[in-house]
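Reviewing the structure listed below.
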Amino acid sequence: MNIRLEQPQDWREVENLTREAFWNVYRPGCQEHFVLNQFRDNPAFIPELDLVMEEDGRIIGHVMFSKAEITLADGTLFPSWTFGPISVDPDYKRKGYGLKLLRYALEKARAMGIGLLQMEGNIDFYKHAGFYLASKLNIHYHGEPAESEVPYFLAQELIPGYWGDREGTYCPPSGYLVADTNPEAFEAYEATFPPKEKHLVPGQLP
Ligand SMILES: CC(C)(COP(=O)(O)OP(=O)(O)OC[C@H]1O[C@@H](n2cnc3c(N)ncnc32)[C@H](O)[C@@H]1OP(=O)(O)O)[C@@H](O)C(=O)NCCC(=O)NCCS
């Protein structure tokens, strides 16, 4: 198993991997491959944390990170970071690869001075990499009541004391919303992949 930086010649393979990993998981079909495709040109994208994992001579995992912001109560913006999509090839899921890739990326992020991460995800996976409910740090999710514990909104202070006892609200960077804000471009992009059946399955987000 090898982890290295993504290269331009990997782009299509990694986007296909992302599509395969996310397909029908959170919605019928998925959008995450388009998010990745568009994000590489976004100033918030962090190329040093655009990582692929190789096994058996091919790419089986990928993760990307992005700059983000938290709005404090007085309206000032506090620098933070987020990550995702993170993908593991369906043939390699639940074999420990995702956790290895994430732990490697988190160490690298910490060494780069990244002090705080927050993101949306399943605590059952991310708790193994040190994440907990963001409400524990008094970071609220936009659109949700400040007093609520949002079960999918997770955080981790990578550098102890970076966030301290602040309180603020997080809104995902606009780069994550490209498929919704530009549906025609997304459809045209999706049409470049082999057709795949979309299914509504239990457990998908409403
Ligand atoms: C989520 C994902 C990256 C995890 O990678 P993985 O290699 O399959 O996970 P690991 O084998 O490293 O999992 C380690 C532990 O995390 C937990 N875990 C992993 N995936 C889980 C899931 N989907 N639901 C609940 N717990 C999960 C389990 O406790 C697992 O240990 P176990 O298999 O011994 O029970 C991968 O399954 C994937 O690509 N999923 C589709 C895309 C996705 O959902 N990405 C994350 C979006 S937030």
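Just so it is clear, none of the values below were taken in a lab; they were calculated from the coordinates. Since the structure is predicted, the reported quantities are computational estimates derived from the model, not experimental observations. Methodologically, a virtual Cβ is constructed for each residue, glycine included, from the backbone with ideal geometry; neighbour enumeration extends over all protein chains shown.
Some observations on this one:
- For the chain, size of Cβ-based charge dipole, Lys and Arg +1, Asp and Glu -1, in debye: 500
- From the alpha carbon centroid of the stretch 5-69 to that of the stretch 165-206 is 13 Å.
- Choice from Met64, Met53, Met112 with maximal GNM fluctuation in the chain (Cα, 10 Å cutoff): Met112
- Of the three principal axes defined by the Cα atoms of the stretch 128-206, the extents in descending order read 48, 27, 26 Å.
- Ordering Trp11, Trp81 by the number of other Cβ atoms within 10 Å of each residue's own Cβ, fewest first, gives Trp11, Trp81.
- Hydrodynamic analysis of the stretch 1-140 uses the Kirkwood radius over alpha carbon pairs. Inserted into Stokes-Einstein at 4 °C and 1.567 mPa s, it gives a translational diffusion coefficient of 82 µm²/s.
- Stretchable slack from Glu48 to His142, in nm (0.36 nm times residue separation minus alpha-carbon distance): 31.0 nm
- Candidates Ile159, Ile70, Ile114, ranked by Gaussian network fluctuation over the chain, Cα under 10 Å, top entry: Ile159
- Think of it as helices only: each DSSP H run of n ≥ 4 in the chain is worth -39500 (n - 2.57), and spread over all residues that comes to -7000 deg cm²/dmol at 222 nm.
- With 18 Å as the limit, the listed pairs Lys108/Lys136; Lys100/Lys127; Lys95/Lys127 have Lys108/Lys136 beyond it between alpha carbons.
- Each of Val88, Val25 has some number of other Cβ atoms within 10 Å of its Cβ, and from fewest to most they run Val25, Val88.
- Computed extension gain for Glu55 through Ile3, at 0.36 nm per residue and net of the alpha carbon distance, reaches 17.8 nm.
- Candidates Leu36, Leu77, Leu158, ranked by Gaussian network fluctuation over the chain, Cα under 10 Å, top entry: Leu77
- For the stretch 94-118, the residues whose backbone nitrogen is under 20 Å from a point 7 Å from the Cα of Thr71, taken along Cα to Cβ, are 117-118.
- Viscosity 0.890 mPa s, temperature 25 °C, Stokes-Einstein D of the stretch 118-160 from Kirkwood C-alpha radius, µm²/s: 236
- The stretch 1-44 shape via C-alpha gyration tensor axes, a/c threshold 1.5: oblate
- Distance-filtered residues of the stretch 65-91 - backbone nitrogen under 19 Å, label point 7 angstrom along Cys171 Cα→Cβ: 66-83
- Formal net charge of residues neighbouring Arg4 (Cβ-Cβ distance under 14 Å; K, R +1; D, E -1): -4
- Along each principal axis, Cα extent of the stretch 39-107, largest first, Å: 50, 25, 20
- Intensity falloff of the stretch 61-206 expressed as log10 I(q)/I(0), Debye formula with alpha-carbon point scatterers, at q = 0.11, 0.13, 0.17 Å⁻¹: -0.49, -0.68, -1.10
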